[in-house]
Amino acid sequence: MQFILAKRAGFCSGVKKAFQITEDASQSGSRWSTLGPLVHNHDVVRYFQARGIATVESLPDIAEGGVIIRSHGVTPAILVEAKEKDIPVLDATCPLVKRVQELAELLSNEGYDIIIFGDRKHPEVRGLLGWCAEKATVVANLEEACSYPNVKRLGIISQTTKDEQEFFRIAAHLLPKAQEVRVFNTTCAATRQRQEAARELSREVDLMLVIGDRNSSNTKTLVQECQQTGVRTLWIQSAADIEAQEFSEVSKVGITAGASTPDWIIKEVLNKMAEFEVGALQEQNQVNQEQENQLLENNAPEENFARMEAEMADLASPNRGDIVKGIVIQVTDDEVMVDVGGKSEGIIPLREMSFKDVHSAKDLVEIGDELEVLVLKWDDDGTILLSKKKVDSKRAMDKLEEDFKEGRLVDGTIVGSVKGGLLVDVGVVAFLPASHVEDGYVKDLDEYIGKNFKFNIIEFNRHKKRGSQIVLSRKQLVEGERTKQKEEFWAKIEEGQTVKGRVKRIVDYGAFIDLGGFEGLLHVSEMDHVRVSHPSAILKEGDEIDVYILALDRDKQRVSLSRKKLLKSPWEIVVEKYKEGDIIDGKVVRIAPFGAFVEIEPGVDGLVHISQLANRRVEKPQDVVSVNQPVKVKILSIDTQEKRIGLSIKEVVAEAEQDEVQEFLEKQDQEVLEPDSKAILPQTEDF
Ligand code: SF4
């Protein structure tokens, strides 16, 4: 008969740690009690009882000495009670359980309804309930999860020793039951590894022996895992439970053990099995070999736990220079605490979070986020100093190097200016020389800060010690874009079209208008129907205007524009506004021997012939009017064909005189019809 020990079996690192703390306490000379059995294993409990470590059910049971908190952890109320009663505490809570407690507290503080996948009576779950103010619902299986009602915000965690796959199924089922769901996979890697190893081994053997206490949750899960593969599975607590008849017709036996099963019990089981038949222990891996050697050395149960501590393979701590993944378990303004799966937590100081200027780590990450970090060093207190910035930077540099080699464009944001150019965030900070910002001279580089563009990498050297390792350019891209726009422009532009443009540059003789890919000239003479003293009198840079395509020279690539063409001419305005016989205001603008020219609209003058200047004979027009003199004129004629307007001052005066006479006569008539009574009545004193 062949015996095969699973790759992972027996004490997990959390239990080893608790065991070591209790072992040390037993040798301290003080009295200590564990709150509940240290682990779910009678032999271990008996082992410590023999060394003076009592087991109590509650703090009031402790008459003397301190309390050891086992790896399952306790509620915060118990810690407070111990403090109030001045009971010294040795906290052997497994770091992984501590993390779940923190998550439970966080979810509770943030107002989530909480579901814990676990066994209601398990000490770890009882402790967790205390960390979320006893408000969580414990579900033992998928069926119980199904009956959970719909809620608004739901947080889901698991007892560490529960089956991960079952946890996923439960979480998936609960997802539609709330608007917001936060799921933390808090199943323990050590448990998972034991389960995987047991499953793997179950498929190779005729019978599986699972060693562990009946109260051990993780042992129970191991048994279920083995049974699910279809292999016959025996759950034994010690060598005493082995019966020879179980092994008749069995050629291969797989052996595994729960996380609370000490090595000496595993060894006793192996010895008992060897009594049935001399079996060959098959080595599966180095860990297994070491474990077997240890067992076969026939050491006492209290074997070298310092060595076991060093072998905390389940929770192997990362080394300096390693890049590892971790889960954010705490965030303050100045640092982020990350669980990187080691014995100690890792800390990322704010300066190592990002190469950008950030005021608080809370702006970058939140609890539960998974991060990739670089192990910088171990502090004296065992804290691991980590950097996220360096990993981000390395990843970004790797990608940029590939982009550079493949000639790919990269996206970036301009974040600042320095002497000679701009700084660009492309995952790391790169340099954009001023001469490569556009395809021509750029007056104000600061205008580009905050804008996003695509860039060519024209230089990449990650080993460069001085200057920028990455140099970018937009020049070629801008040139290419302009050429394309130019081609599109010439393909669709025609004389006589009206297009929109933006005033780009004003010069003395006109303005250059950007027509979207090409510039045209709007000469000052084409700006308005009236004389324009300077282009800046009516336009300014940046104005958007409609322009008429006056002429195109495709060979010389010149575009002449007109604005005037799109405006009404003064003559059109006059025709619309006035008619013959109207008396209007004007201004004498020029005097000729034959009369005076009067401006009636900007750009439109009419003629008051000398004969129309006054109702008497006029020798010279200047005897009657002078330049700039405002006058009232009557429109005698409008010749739309010749664009001539005949005006008269004489008729205005005559009409005014006539009006005056008429008014006088009307007044006189009124006086006759209503004579003054005093004038015709006799004086009183005549009678
Ligand atoms: S099973 Fe995992 S969580 Fe539980 S004590 Fe061991 S290492 Fe810690």
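The values are calculated or read from the model by the stated rules, or taken from the named source; none is laboratory data. No experiment lies behind these values; they were computed from the predicted model shown. All Cβ positions, glycine included, derive from the backbone under ideal geometry; neighbour counts span all protein chains shown.
Tally time: how many residues in segment 193-214 are away from the ligand (no atom under 16 Å from the Cβ) and in a strand (DSSP E or B)? I'd like the intermediate steps shown before the answer.
Filtering segment 193-214 for residues away from the ligand (no atom under 16 Å from the Cβ) gives 199-209, 214.
Those still in the list that are in a strand (DSSP E or B) too: 207-209.
Total meeting the criteria: 3.
Which residue pairs have Cβ atoms closer than 6 Å, lie 6 or more positions apart in sequence or on different chains, and pair a first residue in segment 60-82 that is within 16 Å of the ligand (Cβ to nearest atom) with a second residue that is in a helix (DSSP H, G or I) and charged (D, E, K, R)?
Correct list of pairs: 72/124.
Can you pull out every residue in segment 86-114 that is under 29 Å from the mean Cα position of the chain (by Cα) and more than 16 Å from the ligand (Cβ to nearest atom)? So that I can check it myself, show each step before the final result.
Of segment 86-114, the ones under 29 Å from the mean Cα position of the chain (by Cα) are 99-114.
105, 106, 107, 108, 109, 110, 111, 112, 113, 114, listed by residue number.
Which of the following residues is modelled with pLDDT under 95 and in a strand (DSSP E or B): 55, 93? Lay out the reasoning, then the answer.
Working: 93 fails: in a strand (DSSP E or B).
Matching residue, one of 55, 93: 55.
For segment 109-130, name all the residues that are part of a helix (DSSP H, G or I) and within 23 Å of residue 168 (Cβ to Cβ).
Step one: filter segment 109-130 for residues part of a helix (DSSP H, G or I), giving 109, 123-130.
Of everything in segment 109-130, those that are part of a helix (DSSP H, G or I) and within 23 Å of residue 168 (Cβ to Cβ) turn out to be 124, 125, 128, 129.
Can you tell me which of (1) in a strand (DSSP E or B); (2) in contact (Cβ under 8 Å) with a residue 12 or more places away in the chain; (3) buried (at least 17 other Cβ atoms within 10 Å of the Cβ) is the one residue 413 doesn't meet?
(3)
List pairs: first residue in segment 531-550 and of a type in the set (Phe, Trp, Tyr), second residue surrounded by 14 or more Cβ atoms within 10 Å (Cβ to Cβ) and part of a strand (DSSP E or B) anywhere in the structure, Cβ distance under 6 angstrom, at least six positions apart or on different chains.
548/562
Identify the residue in segment 8-31 that is of a type in the set (Lys, Arg) and within 16 Å of the ligand (Cβ to nearest atom) and, among all such residues, is farthest from residue 197 (Cα to Cα).
Step one: of segment 8-31, the residues of a type in the set (Lys, Arg) are 8, 16-17, 31.
From the residues that got through so far, the ones that are within 16 Å of the ligand (Cβ to nearest atom) too are 8, 16-17.
Details: 8: 6, 16: 19, 17: 22 Å.
The selected residue is 17.
Out of the residues in segment 520-530 meeting the condition of being surrounded by 15 or more Cβ atoms within 10 Å (Cβ to Cβ) and without any contact (Cβ under 8 Å) to a residue 60 or more places away in the chain, tell me which one is nearest to residue 574 (Cα to Cα).
528
Which residues, counting only those in segment 32-49, are of a type in the set (Ser, Thr, Tyr) and either within 16 Å of the ligand (Cβ to nearest atom) or part of a helix (DSSP H, G or I) (or both)?
Scanning segment 32-49 gives 34, 47.
Residue-wise test of (1) over 17 Å from the mean Cα position of the chain (by Cα); (2) crowded, with 19+ Cβ neighbours inside 10 Å; (3) of a type in the set (A, V, I, L, M); (4) not in a strand (DSSP E or B).
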residue: 325; (1), (2), (3), (4): yes, no, no, no
residue: 336; (1), (2), (3), (4): yes, yes, yes, no
residue: 351; (1), (2), (3), (4): yes, no, no, yes
residue: 362; (1), (2), (3), (4): no, no, no, yes
residue: 374; (1), (2), (3), (4): yes, yes, yes, no
residue: 386; (1), (2), (3), (4): yes, yes, yes, no
residue: 408; (1), (2), (3), (4): yes, no, no, yes
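Condition (residue is more than 27 Å from residue 531 (Cα to Cα), under 60 Å from the mean Cα position of the chain (by Cα) and not assigned by TED's automatic domain parsing to the domain that holds residue 649) applied to segment 570-589: is it met by at least one residue?
Looking through segment 570-589, none of the residues is more than 27 Å from residue 531 (Cα to Cα), under 60 Å from the mean Cα position of the chain (by Cα) and not assigned by TED's automatic domain parsing to the domain that holds residue 649.
What do you reckon, is residue 637 modelled with pLDDT of 85 or more and more than 60 Å from the chain's Cα centre (by Cα)? Don't jump to the end; show me each part of the working.
Numbers: modelled with pLDDT of 85 or more: yes; more than 60 Å from the chain's Cα centre (by Cα): yes.
It is true that residue 637 is modelled with pLDDT of 85 or more and more than 60 Å from the chain's Cα centre (by Cα).
Can you list residue pairs whose Cβ atoms sit under 8 Å apart, with the first residue in segment 176-194 being farther than 10 Å from residue 160 by Cβ and of a type in the set (Phe, Trp, Tyr) and the second being within 9 Å of the ligand (Cβ to nearest atom) and assigned to a helix (DSSP H, G or I)? Count only pairs 6 or more apart in sequence or on different chains.
184/100
Scan segment 416-451 for residues that are part of a strand (DSSP E or B) and among the β-branched types (Val, Ile, Thr) and jot them down. It would help to see each step written out before you state the result.
So in segment 416-451, the residues part of a strand (DSSP E or B) come out as 416-418, 421-425, 429-433.
Once the filter is applied, which keeps residues that are part of a strand (DSSP E or B) and among the β-branched types (Val, Ile, Thr), segment 416-451 yields 418, 424, 429.
Among all residue pairs at least 6 apart or on different chains, which show Cβ distances below 7 Å where the first residue, located in segment 146-172, is without any contact (Cβ under 8 Å) to a residue 40 or more places away in the chain and the second is within 16 Å of the ligand (Cβ to nearest atom) and not in a loop (DSSP other than H, G, I, E, B)?
So the pair list comes out as 164/192.
Answer yes or no as to whether residue 468 is closer than 30 Å to residue 327 by Cα and among the polar types (S, T, N, Q).
So residue 468 fails the test.
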